[in-house]
Amino acid sequence: MRAIWKGAVSFGLVSIGVKLYSATEEKDIRFHQVHREDGGRIRYKRTCQVCGEEVSYDDIAKGYDIGGGEMVILTDEDFADLPLTSSRAIDVLEFVPAEQVDPILYNKAYFLEPEGTATKPYVLLRDALADSERVAIVKVALRQREQLATLRVREGVLLLNTMLWPDEIRKPDFGFLDEDLKVRPPELAMASSLIDSMAGEFEPDAFTDDYRAALQEVIDAKVEGREVVQPEEAEEAPAAAVDLMAALKASVERARSARGEAPAGGGGEPTPISAARSAQKKAAEKKAAKAPAKKAAEKKAAPRKTAAKKAAPKKAEGEKKPAAKKAAPKKAARKTA
């Protein structure tokens, strides 16, 4: 890793020299824009909208649009005069319980490495933070911008998490928040049961980026000149369920089945696995039950008529009974033998 910043953690009267490293990296597959016909890279020129000339980096300044077609131009000298008192320091402001920091505030993560002879005070701050079960709220200037951040311990290393400012967090403004929606206790109990049936320990390594793996397979196949193996299609997301309770119950049974647990209710009829189809199956079963009922009635009526018709011929055929009398001597003969 390459250090992207050097400075010091200001902890009371103690100053701890540190180096800053990016703690994360994106694994997304990146592409260049190229000409479809010959694969040539597409280049963009920096041109001025007013004069149309190409502009070098040395002649580029920052402009703030104040509206009405007017622009305020700021130079490097304007930024140099800004009061960045913590330009090379990570100032510890206070120590707070970690659970009081809303995760939505976290932005980027950086590792801190002690520099030179700062190892002992670094370890002292690290161990004190771990024992207190708190995080340090700090201010730091990175990339010409002052940022709020936290210091905490991760795997024996101090981790700096830059944070968004409170006014950078948007407030949700959705219509359903003003609606008077009430959840029935049975629905809430079933939803809680679903959460319990899907509870587990978070293991990040158990999850993979399937899209990136499939895309890499396509790229490798292109390089090697072989055919791409089509991955198995993922199961379609279920549509919105009509019967919420049926969907929740089906989801609970599916979660229990995935864990190898017996379905609730003992030997009753199994609950449909698909929550989205549960309501549709109920409607289909009602329609199907009506049709067989009519057919069953017709089948029951038909045998009665047939039996009535067969009763008369049996009386007429009563004269043929002597054939049965002849069978009796045969049985007697067998006994004698």
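Out of the residues in the stretch 106-136 that are aliphatic (A, V, I, L, M) and out of contact with any helix residue (DSSP H, G or I) (no Cβ under 9 Å at 6 or more places or on another chain), state the one that is most open to solvent (accessible area, probe 1.4 Å).
As a first pass, look at the stretch 106-136 and keep what is aliphatic (A, V, I, L, M): 109, 112, 118, 123-125, 128-130, 135-136.
From what is left, the residues that are out of contact with any helix residue (DSSP H, G or I) (no Cβ under 9 Å at 6 or more places or on another chain) are 109, 118, 123-125, 128-130.
On the way: Ala109: 19, Ala118: 10, Val123: 46, Leu124: 114, Leu125: 4, Ala128: 49, Leu129: 6, Ala130: 56 Å².
Filtering first and then ranking leaves Leu124.
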Scanning for something surrounded by 10 or more Cβ atoms within 10 Å (Cβ to Cβ), among the polar types (S, T, N, Q) and over 17 Å from Arg145 (Cβ atoms), does the stretch 45-66 turn up at least one residue?
yes
When residues of the stretch 67-90 are limited to those that are open to solvent by less than 50 Å² (accessible area, probe 1.4 Å) and touching a strand residue (DSSP E or B) at 6+ places or on another chain (Cβ under 7 Å), the one nearest to Val135 (Cα to Cα)
Ile90
Which residue is nearest to Pro166 (Cα to Cα), if the candidates are limited to the stretch 53-105 and must be without any contact (Cβ under 8 Å) to a residue 24 or more places away in the chain and touching a Leu at 6+ places or on another chain (Cβ under 8 Å)?
Tyr64
Please give the number of the condition Met1 fails out of (1) open to solvent by less than 90 Å² (accessible area, probe 1.4 Å); (2) modelled with pLDDT under 90; (3) in contact with a Phe, Trp or Tyr (Cβ under 8 Å, 6 or more places away or on another chain).
(1)
Would you point out the residue of the stretch 137-172, among those that are in contact with a strand residue (DSSP E or B) (Cβ under 9 Å, 6 or more places away or on another chain) and of a type in the set (Gly, Ala, Ser), that is surrounded by the fewest Cβ atoms within 10 Å (Cβ to Cβ)?
Ala141
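Please tell me if Lys27 is touching a helix residue (DSSP H, G or I) at 6+ places or on another chain (Cβ under 7 Å) and either surrounded by fewer than 12 Cβ atoms within 10 Å (Cβ to Cβ) or more than 30 Å from Thr150 (Cβ to Cβ) (or both).
Details: touching a helix residue (DSSP H, G or I) at 6+ places or on another chain (Cβ under 7 Å): yes; either surrounded by fewer than 12 Cβ atoms within 10 Å (Cβ to Cβ) or more than 30 Å from Thr150 (Cβ to Cβ) (or both): yes.
Against the criterion (touching a helix residue (DSSP H, G or I) at 6+ places or on another chain (Cβ under 7 Å) and either surrounded by fewer than 12 Cβ atoms within 10 Å (Cβ to Cβ) or more than 30 Å from Thr150 (Cβ to Cβ) (or both)), Lys27 qualifies.
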Quick check on my filter: what residues within the stretch 8-33 are of a type outside the set (S, T, N, Q), at pLDDT 90 or above and not in a loop (DSSP other than H, G, I, E, B)?
Ala8, Val9, Ile16, Gly17, Val18, Lys19, Leu20, Tyr21
For residues that are open to solvent by 80 Å² or more (accessible area, probe 1.4 Å) and in a helix (DSSP H, G or I), scanning just the stretch 178-203, find the one that is farthest from Ser257 (Cα to Cα).
Asp178
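The values are calculated or read from the model by the stated rules, or taken from the named source; none is laboratory data. Quantities reported herein were computed from a predicted structural model and do not represent experimental measurements. Reconstructed Cβ throughout: ideal geometry from the backbone, glycine too, with neighbour counts over all protein chains shown. When the accessible area is computed, the model is the full protein with side chains, heavy atoms only, and any ligands, DNA or RNA have been set aside. Shrake-Rupley method; radii C 1.70, N 1.55, O 1.52, S 1.80 Å.
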